[in-house]
Each structure stands twice: as structure tokens, then as C-alpha cells.
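Undergrad: This is the structure I want to talk about, given as C-alpha cells.
Read the figures in this text as sums done on the coordinates, not as results from a lab. Being a predicted model, the structure only gives us computed values, none of them experimental. All Cβ positions, glycine included, derive from the backbone under ideal geometry; neighbour counts span all protein chains shown.
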Amino acid sequence: MFTLVIGGSASGKSRYAEALVQAQPGPRIYLATMQPFDAECEARIARHREQRADKGFETIECYVNLNEAEIPRGGSLLLEDLSNLLANELYGPEGGGAEAILPGIEHLLERCANLTVVTNEVFSGGSDYEGDTLHFLRELAALNRELAARADRVVELVCGLEHVLKGERHENL
Amino acid sequence: MIFVTGPLFAGKRETIRGLLGLTEEEFAACAAWDVQERALEAEPEILAEELSANRVVIATEVGGGVVPIDPVERRRREAAGRLACALARRADTVIRVCCGLPELLKGEWP
């Protein structure tokens, strides 16, 4: 089962996605994409990692080159989140560009029984942006469309509520 | 008239063209898109009436961010929202496209 979860800032995406994956068979893997830049980041990441361990998740860190990540077979994986991964690939020192991402997703789909990808709805605030932002948005939107086409379910989170764009409703979330 | 709304780069044009089974040429002949950019040209009701001559009218959602500091941008965004409401009222069918997935908000599937 491949699920794409999309929503605005603080719309309840993580909570929903974690609950979804907790209901799926293990091993449960949390693929973290946030690169720790300083001590504050590290402390925050450590806290989240402990919270997830209590929920039965093993954390694997992957900032770029998803297609080379070592992923146990047959598990349920939560990738959080796609825009972070894209920013790492586009702007990080080791980034391989936006084109590195789809092969990485293919790799995850091959390895995992269940894949859940969290992405961001950041496309409703106009197009008047400085610098490279519009390019970033275009690349993220293309990935969102591609993954939505491949996914079994696409769920938009609105005020923490599940709004199904594709596939079945989930009974207990 | 079919009114299509949705976020930026969501695949609105391709999705509705696919639903209607039109070629790009056929589509271009009966559709108006990016109409949010025309929102300051006239009163929303007048502009919506004029645009309703098209089979398909597409506007990008632009009202989901912070209020723009620039007064012209603020007026443009406000007008775009009013125009979208006026178009949706006139439309027989309203479809929202998100991530290339169409969702029916009003009427029946074309």
C-alpha cells in the first residue's frame, strides 16, 4: 500500500501518517530527511527519535541519495518529508538534483510492503516569490503529481481531518 | 461552463483536458486559464460573466498565504478570490485539482 499524505503547515500530517504506519505490519521504519545543522536541531531530532521508538519505529536517516539507502525488506516505511528531501537534493552540498528523488522512491517501493510519504501543500499563496523559490515549487509540484498518480491512496489533511483525494477512506484514523 | 480551481502547478489544465478528451488545440479554443491574473481588469461579476462564454475557465488558488504587504498585490489577491467565487456561482460544474487529482465541488462530472 502506497499512501501520499499532503497538507499545509501544522495540519496534522505527521500525526495521521504515524498512526497510519503504526497500524501496518513491522518492521516500521521512519526515514528522517532533516539534516541536523546545529545543537538545537540535534536535540530536537533526538527527542523525536525517542518518541518514535516508543511507537515502534526504527529511525533511518537519509538526506540525499535515497536509492542507496539500506532498507530492511517487507516493512512499513514512513518518509517525512518530501520537500525536505527535495531541498537537500537541490541545495545541499551532496545533492544530486530533483531527478535523484523518483529512483529513490522506486527503491523504497521495491523494498517495502507499505510506503507512506508526507509532502507539503505550499501552492496556494500566489507565485510572487524571490530567488529560486518558484523553481523549488515547480519541482515539488511535479513530484507530488507523479507520486499521486502512482499512489494507492492520496490523503489531504484539513484541520487534522482526513480528506481523501484518491482511494479508500481509512476506518480508524 | 466548467470552473476549475486548485493550487499552483497542480496539473489543472492537463487534468481537465484529459477528462474532456480534448486535444491541446481543441482545448485552447474553448478554455481560459490563469484568469486570476486578470482579476483587476474589471468588476468580478462583469469579468466572470464575460469569461463564462468559455466552456472551461481555470483559476489558480492564490489566497492561501499571508496578506501581501504591497497594496496592489493585496488588491489583486482579493479580486482573484472574488472572481473565483463569481465564476463558481455561474458554473454548472466546479472541479478542484490537487496533485493532478480532480475532485468535484459542484454539479456533475463532465
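Undergrad: Can you list the HN-Hα couplings for segment A:73-81, worked out from phi with the Karplus curve (6.51, -1.76, 1.60; θ = phi - 60°), rounded to whole Hz and with x for Gly and Pro?
TA: 7, x, x, 10, 10, 10, 9, 9, 9
Undergrad: Give me, ordered by chain and number, the residues 5 or more places off A:LEU77 or on other chains with an amide H under 5 Å from its own placed amide H.
TA: Amide H to amide H, under 5 Å and 5 or more residues apart or across chains, A:LEU77 pairs with A:ILE29, A:ASN114, A:LEU115, A:THR116.
Undergrad: Another question, then. Can you give the Rg to Rh ratio of the protein assembly as shown, both from alpha-carbon atoms, with Rh computed by the Kirkwood formula?
TA: My calculation puts Rg/Rh at 1.01.
Undergrad: Hey, if you put +1 on the Cβ of every Lys and Arg and -1 on every Asp and Glu Cβ in segment B:2-106, which of B:LEU105, B:THR23, B:THR5 ends up farthest toward the positive end of that dipole?
TA: Of the candidates, B:LEU105 comes out farthest on the positive side.
Undergrad: Next question. So which aspartates and glutamates can A:LYS13 reach, going by Cα to Cα under 15 Å and dropping same-chain residues fewer than 8 places off?
TA: A:GLU80, A:ASP81, A:GLU121, A:GLU156, A:GLU162
Undergrad: Taking neighbour Cβ counts within 10 Å as the exposure measure, how do B:LYS12, B:LYS106, A:LYS13 sort from fewest upward?
TA: Least to most surrounded, the residues fall as B:LYS106, A:LYS13, B:LYS12.
Undergrad: For B:GLU73 and B:ASP34, calculate 0.36 nm times their separation in residues minus their Cα-Cα distance, and state this gained length in nm to one decimal.
TA: Value of the extension gain: 12.5 nm.
Undergrad: Hey, with R₀ at 51 Å, roughly what FRET efficiency would A:ASN67 and A:HIS170 work out to, going by the Cβ-Cβ distance, to 0.05?
TA: With R0 = 51 Å, the Cβ-Cβ based efficiency is 0.95.
Undergrad: Points 7 angstrom from Cα along the Cβ direction at B:ASP92 and A:HIS107: gap in nanometres?
TA: Result for the modelled spin labels: 5.1 nm.
Undergrad: Just to be sure I understand: if I project the alpha-carbon convex hull of segment A:2-165 onto a plane and average over all orientations, what area do I get in nm²?
TA: Taking the Cα atoms of segment A:2-165, their convex hull projects to 9.6 nm² on average.
Undergrad: Under 5 Å between amide H atoms, partner at least 5 residues away or on a different chain: which partners does B:ILE58 have, H built in plane at 1.01 Å?
TA: B:VAL4, B:ALA32, B:TRP33, B:ASP34, B:VAL35
Undergrad: Here's another thing I want to ask about it. Can you sort A:THR59, A:THR33 by how many other beta carbons sit within 10 Å, fewest first?
TA: Ordered by Cβ neighbours within 10 Å, fewest first: A:THR59, A:THR33.
Undergrad: Using modelled backbone amide H atoms (1.01 Å from N, in-plane), which distant-in-sequence or interchain residues come within less than 5 Å of A:LYS166's amide H?
TA: Amide H neighbours of A:LYS166, under 5 Å, 5+ apart: A:VAL154.
Undergrad: Mind checking which aspartates and glutamates have their Cα closer than 14 Å to the Cα of B:LYS106? Skip sequence neighbours fewer than 8 apart in that chain.
TA: Here the aspartates and glutamates satisfying the reach criterion relative to B:LYS106 are B:ASP92.
Undergrad: Same structure again: For the protein assembly as shown, what does -39500 (n - 2.57) per DSSP helix run (n ≥ 4), summed and divided by total residues, give at 222 nm, in deg cm²/dmol to the nearest 500?
TA: -12000 deg cm²/dmol
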